[in-house]
Amino acid sequence: MTNATKPTVKATDLFVQALEAEGVEEIFAVPGEENLDLVESLRTSSIKLVLTRHEQGAAFMAATYGRLTGKPGVCMATLGPGATNFATPAAYAHLGGFPLIMITGQKPIKKSKQGQFQIIDVVGLFEPICKMSKQIVHGNTIPSLVREAFRVASEERPGAVLLELPEDIAEEQCDTAVIPPHKRYYAVADDAVLADAADLIQKAKMPLVLVGAGANRKEVRDAISGFVEATGIPFFVTQMGKGVVDERSDLFLGTAALSDGDYMHCAIDRADLVINFGHDVVEKPPFFMEDGGKKVIHVNYKSAQVDSVYFPQVEVVGDLAASVRKLQAAVGDKLKVDLSYFNKIKTEVETHLAEGVDDPRFPVTPQRFVADTRKAMGPKDIIALDNGIYKIWYARNYKAYEPNTVLLDNALATMGAGLPSAMAAAMQYPDRRVMAICGDGGFMMNSQELETAIRLRLNLVVMVLNDSSYGMIRWKQSAAGFDDWGLEFGNPDFVKYAESYGASGHRIEAADDLVPTIDKAFKEGGVHLIDLPVDYSDNQKVLIDELAEKACLL
């Protein structure tokens with residue numbers, strides 16, 4: 001009697017089956033010859049291959065998909081230089097808490113005739129900026145490694161995972177099957193801890209709620225909004241916590257966008273308790289506890305990363321939404337909160353942010369172009385910010401009404417991510433207005449992805465803030481007392497540049513032209529680039545000098 005031969009499947013076919021089982025719908029990629037077996041397996045699959053013009057573009061798009069959906073985005077590159085181009089997006093996902101799977105190729109590991117050509121230790125290179133970095137050494141391990149990669153990438157705290165698939169492993173015949181994913185549930189915080197936290201809140205006279213980045217990764221809007229409304233406790237947000245609670249609320253004080261010296265820091269100084277929902281260590285807390293006098297409740301999926309300036313007295317650890325709901329039930333409704341000082345802060349903030357919104361100067365000032373952006377975008381429309389001084393203006397001046405409608409990076413704070421992030425958002429939400437907002441420096445780092453956006457037939461507006469310099473560093477240079485030197489550059493004609501790709505280009509010639517141009521671009525559809533000359537001369541006056549004179553003198 002002979003044993004029946006097990007059916008076999010090619011390793012890359014098995015890999016694709018495993019990805020399909022995880023619900024993967026697209027892979028963003030710049031493939032190389034080491035990926036060709038995987039590309040062939042994708043050709044006959046249900047997964048869409050989204051070809052980009054640079055590996056950074058692919059990985060930034062995949063990371064943003066993860067950020068928006070909570071499911072890992074997937075990207076692919078070849079070995080050597082293709083893999084190393086994933087390093088910045090990997091760090092972006094690692095610090096930002098965005099679930100990301102990176103697949104890279106490699107030369108054969110059993111036998112190779114090419115010596116060390118293009119070979120570096122990619123797995124070792126990525127270990128410090130990934131939650132997991134593994135080489136696949138046998139085809140039969142693919143199902144378990146893919147399942148583990150998706151689990152590790154998506155569980156709290158989310159981040160990046162790298163899987164390296166060598167050429168000879170890719171073409172192996174395997175006799176194993178896909179491991180289906182399963183639902184996972186986070187534990188609920190202990191009742192005794194919730195009681196301690198509730199006791200602190202009930203005894204506080206001037207408590208504040210802080211909403212951080214971790215609250216924007218899961219659907220916790222209803223729970224936190226309900227807590228704020230029921231208790232009547234004012235709230236403020238970090239840059240990456242914007243939109244979790246509607247910022248049109250009467251209880252919204254503002255965004256902690258500056259390191260110190262802003263109105264939010266005045267409110268924090270007076271508060272006797274900070275309830276910290278979703279705090280993430282990448283965004284340093286906008287308060288310090290060195291004197292031990294500031295009471296803090298940490299509510300999150302994971303324990304606080306304690307250091308010399310952040311050591312909360314109570315930690316409520318577990319599923320964030322469930323913890324917030326149970327905490328609200330334990331605290332009760334409409335606490336006796338002293339709002340007198342916080343209301344003064346809110347009035348001052350609203351007055352401060354209203355200044356300059358109709359400024360007719362040209363080039364256009366930050367106060368004006370931020371206000372005009374808000375006028376042009378609906379409640380659920382999305383802006384994706386690259387990195388520059390304008391990010392601070394948008395964080396402070398642009399009110400977010402819905403979660404993940406202000407996509408900014410206050411973690412790695414890398415340039416070059418704004419356009420790819422907006423493209424991923426436009427793919428995910430084709431019925432919403434999506435705008436990439438980039439400085440001229442950051443835009444040119446991945447501007448070639450305009451071709452990808454056009455090829456994908458996206459509806460997208462790209463606003464390039466043109467000051468012909470690295471404006472953020474130039475501001476810091478001035479604040480440090482150094483001469484204005486070395487940070488200016490020349491730009492292409494952005495209108496012609498956009499048109500050369502097949503996009504529509506627009507140059508703003510007066511401040512009043514911006515909103516009509518944005519509206520027209522979205523109504524026409526397709527990819528539009530708006531060249532907006534900007535004037536950053538108010539940076540020092542508004543963000544430093546005036547705040548120093550006004551902020552904490554109430």
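The values are calculated or read from the model by the stated rules, or taken from the named source; none is laboratory data. Because the structure is predicted, anything quoted here is derived from the model rather than measured. For neighbour counting, all protein chains shown are included, and Cβ atoms are generated from backbone atoms with ideal geometry for every residue, glycine included.
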Might you let me know whether the range 526-548 holds any residue that is surrounded by 14 or more Cβ atoms within 10 Å (Cβ to Cβ), touching a strand residue (DSSP E or B) at 6+ places or on another chain (Cβ under 9 Å) and in a helix (DSSP H, G or I)? no
Could you check, for the range 374-383, whether at least one of its residues is closer than 15 Å to PHE252 by Cβ and not aromatic (Phe, Trp, Tyr)? yes
Extreme residue, surrounded by the fewest Cβ atoms within 10 Å (Cβ to Cβ), among residues of the range 85-108 that are among the hydroxyl-bearing types (Ser, Thr, Tyr) and part of a helix (DSSP H, G or I): THR88
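Yes/no per residue for (1) outside the structural domain of ILE142 (by TED's automatic domain parsing); (2) in contact (Cβ under 8 Å) with a residue 12 or more places away in the chain:
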site: GLU164; (1), (2): no, yes
site: PRO180; (1), (2): yes, yes
site: TYR186; (1), (2): yes, yes
site: ALA195; (1), (2): yes, yes
site: ASP199; (1), (2): yes, no
site: MET206; (1), (2): yes, yes
site: LEU210; (1), (2): yes, yes
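Yes/no per residue for (1) at pLDDT below 95; (2) surrounded by 14 or more Cβ atoms within 10 Å (Cβ to Cβ):
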residue	(1), (2)
ALA453	no, yes
VAL462	no, yes
ASP467	no, yes
GLY471	yes, yes
GLY490	no, no
ALA498	no, yes
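What strands (runs of 3 or more DSSP E) lie completely within the range 420-523 and have 1 or more residues being within 23 Å of THR405 (Cβ to Cβ)?
On the way: elements: 434-439, 460-466, 504-507.
Output list reads 434-439, 460-466.
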Scan of the range 257-312 for residues that are in a strand (DSSP E or B) and in contact (Cβ under 8 Å) with a residue 40 or more places away in the chain, ordered by number: LEU273, VAL274, ILE275, ASN276, PHE277, LYS295, ILE297, VAL299, ASN300
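Per-residue answers, yes or no, for (1) in contact with a Gly (Cβ under 8 Å, 6 or more places away or on another chain); (2) in the same structural domain as ALA58 (by TED's automatic domain parsing); (3) free of Cβ contacts under 8 Å to residues at least 40 places away in the same chain:
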{"position": "GLY378", "(1), (2), (3)": "no, no, no"}
{"position": "ASP386", "(1), (2), (3)": "yes, no, no"}
{"position": "LYS391", "(1), (2), (3)": "no, no, no"}
{"position": "TYR394", "(1), (2), (3)": "no, no, no"}
{"position": "GLU402", "(1), (2), (3)": "yes, no, no"}
{"position": "ALA411", "(1), (2), (3)": "yes, no, no"}
{"position": "MET415", "(1), (2), (3)": "yes, no, yes"}
{"position": "ASP431", "(1), (2), (3)": "no, no, yes"}
{"position": "ALA436", "(1), (2), (3)": "yes, no, no"}
Just one of the numbered conditions (1) within 27 Å of ASP538 (Cα to Cα); (2) surrounded by fewer than 16 Cβ atoms within 10 Å (Cβ to Cβ) is not true of GLY502; which one? (1)
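For the range 307-340, enumerate the residues that are over 18 Å from HIS279 (Cβ atoms), touching a helix residue (DSSP H, G or I) at 6+ places or on another chain (Cβ under 6 Å) and surrounded by 15 or more Cβ atoms within 10 Å (Cβ to Cβ). Spell out how you get there, then give the answer.
We begin by selecting, within the range 307-340, every residue over 18 Å from HIS279 (Cβ atoms); these are 325-326, 328-340.
Cutting the leftovers down to touching a helix residue (DSSP H, G or I) at 6+ places or on another chain (Cβ under 6 Å) gives us 325-326, 328, 330-331, 333, 335.
Matches in the range 307-340: ARG325, LYS326, GLN328, ALA330, VAL331, LEU335.
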Within the range 41-56, can you find the residues that are surrounded by 15 or more Cβ atoms within 10 Å (Cβ to Cβ) and not in a strand (DSSP E or B)? SER41, LEU42, SER45, ILE47, THR52, ARG53, HIS54, GLU55, GLN56
Single match in ASP519, ASP513, ASP467 (criterion: in contact (Cβ under 8 Å) with a residue 24 or more places away in the chain, more than 23 Å from MET415 (Cα to Cα) and not basic (Lys, Arg)): ASP519
Output the number of residues of the range 205-228 satisfying the condition of being in a loop (DSSP other than H, G, I, E, B) and farther than 15 Å from LEU251 by Cβ. 6
